[in-house]
Amino acid sequence: MSATAISSIRIHRQWQPFRDGTYRCSGGRSAEGFDSTIVEITSRDGQRGYGEMAPLGSFYDPAFAEGARAAMRELAPQLLGADASGVEALNRRMDLLLKGHPYAKSAIDMALWDLAGKHSGLSLASMSGGAEGDSLALYRSIAQQAPDAMAARAQKYIAEGYRRLQVKVGLDVNEDIARLEAVRAAIPSDTVLFCDANASWGTSETRQFLMATGNLDYTLEQPCASYEENLAIRRACERPLVLDETIDGADVLLRAIADGLVDGITIKLARVGGLTKAKLVRDIAIARNLKITIEDTGGAEIDTAAYCGLMLSTPEILRQHTVDFHNWVTVSNAKADFRIADGEMTLPSGPGLGVEVDIEALGEPIFQSAL
Ligand code: 0XW
Ligand code: MG
């Protein structure tokens, strides 16, 4: 058995409360924090790689934390002894052993990339194409509240240095129009605004919103749930349209490109199944000059370092923005040298994810499988 063979897989759980209180998005959905799962993969030579996956409640994507952990228990024993350096081969193996459940595979895949970086001495950005520039633009999401409360929250984030904001809409459309107007009026005119309906409007509400906000500057994100509804309103949408929830893999992106549906996409690692598949989706988007956001559904330092590493190797000209999830929560799961100034973040530069995980600080593993 080679030095890079997987010798053990351990799984930890971490509850990560939100720093800014309850997070609300369309339809009254809300969460108080992230229920995160952290995976440690050890190879025979003693190197360790870490991955993380945290869904947003059980309501955001077809994913839930206990489901991820159950699937990991199922997969982990079947991966022991396999060569950890064969990341793509291991992804195919996971897909063979367990149909679907991409969110559960994401943290395992992430730990494999971290481990590959530790073995090669290369950062994730180097391994995934090479860093371009050295910082990433951040956005802050303004959770759904009354328009004046959202405007106040927007001003708070601007005062903290953020230059890009995402307004959560997707409830009553007239209130949504007031939300966007209130936020737009409260912030500097050069602030980049995205309006994210989180798949909650029908085509009728979307048309109404577009007509009422024609004079405002913003990018529209995921107005409707189904592919067909978004396609139906595309012609009425003169501003950039970005899809997030719809983009769950390469197939749907190829279709969206063929249909001229999107100007940009948001790739969430957990939704597509991890860094390996996110890279494939990212590379297809690059081929068509789409604007790209790479992020995840939740997590802290480990997860942030992963999606940011892949984002940093995405051509600068195509990068939209990403999130600093470790600053959304009140707990930490790794030492990581993220530096933020003027709404831009630089990343730790070490091998793999570049973060130092103190696994013992996370308590006893909830599960382990070893050779
Ligand atoms: C704002 N987010 C990145 C946080 C949650 O995971 C959902 C997501 C979104 O785009 O709605
Ligand atoms: Mg979104």
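The values are calculated or read from the model by the stated rules, or taken from the named source; none is laboratory data. Please read these numbers as outputs of a predicted model, since none were measured by experiment. All Cβ positions, even for glycine, are placed from backbone atoms using ideal geometry, and neighbour counts span all protein chains on display. For the accessible areas, the whole protein counts, side chains as well, though only heavy atoms, and no ligand, DNA or RNA atoms are used. Shrake-Rupley method; radii C 1.70, N 1.55, O 1.52, S 1.80 Å.
Could you tell me whether any residue of the stretch 178-189 is surrounded by 22 or more Cβ atoms within 10 Å (Cβ to Cβ) and among the hydroxyl-bearing types (S, T, Y)? Checked the stretch 178-189: no residue is surrounded by 22 or more Cβ atoms within 10 Å (Cβ to Cβ) and among the hydroxyl-bearing types (S, T, Y).
Just for the stretch 307-335: of the residues that are among the hydroxyl-bearing types (S, T, Y) and open to solvent by 20 Å² or more (accessible area, probe 1.4 Å), which one is farthest from R19 (Cα to Cα)?
Restricting to residues being among the hydroxyl-bearing types (S, T, Y) and open to solvent by 20 Å² or more (accessible area, probe 1.4 Å), the top hit is S332.
So K291 passes all but one of these: (1) of a type in the set (K, R); (2) more than 19 Å from E132 (Cβ to Cβ); (3) within 16 Å of ligand 2 (Cβ to nearest atom). Which condition number does it fail? Looking at each condition in turn, K291 falls short on (2).
No other residue among L275, L318 is assigned by TED's automatic domain parsing to the domain that holds V331 and either over 22 Å from Y218 (Cβ atoms) or in contact with a Cys (Cβ under 8 Å, 6 or more places away or on another chain) (or both) apart from L275.
Being away from ligand 1 (no atom under 16 Å from the Cβ), under 27 Å from R153 (Cβ atoms), touching a Cys at 6+ places or on another chain (Cβ under 8 Å) and of a type in the set (A, V, I, L, M, F, W, C) narrows it down to one residue among L216, L220, L210; which is it? Steps first, answer last, please.
Working: L216 fails: touching a Cys at 6+ places or on another chain (Cβ under 8 Å); L220 fails: away from ligand 1 (no atom under 16 Å from the Cβ).
Within the list L216, L220, L210, the selection yields L210.
On the stretch given as the stretch 137-151, residues that are of a type outside the set (S, T, Y) and under 16 Å from the mean Cα position of the chain (by Cα) total 3. Scanning the stretch 190-207 for residues that are surrounded by fewer than 20 Cβ atoms within 10 Å (Cβ to Cβ) and within 16 Å of ligand 1 (Cβ to nearest atom) gives V192, L193. Taking the stretch 206-260 as the range and being within 13 Å of ligand 2 (Cβ to nearest atom) and hydroxyl-bearing (S, T, Y) as the test, the residues that pass are T219, T246. If I filter the stretch 132-161 down to residues being within 16 Å of ligand 2 (Cβ to nearest atom) and assigned to a loop (DSSP other than H, G, I, E, B), which single residue comes out as modelled with the highest pLDDT? Restricting to residues being within 16 Å of ligand 2 (Cβ to nearest atom) and assigned to a loop (DSSP other than H, G, I, E, B), the top hit is Y139.
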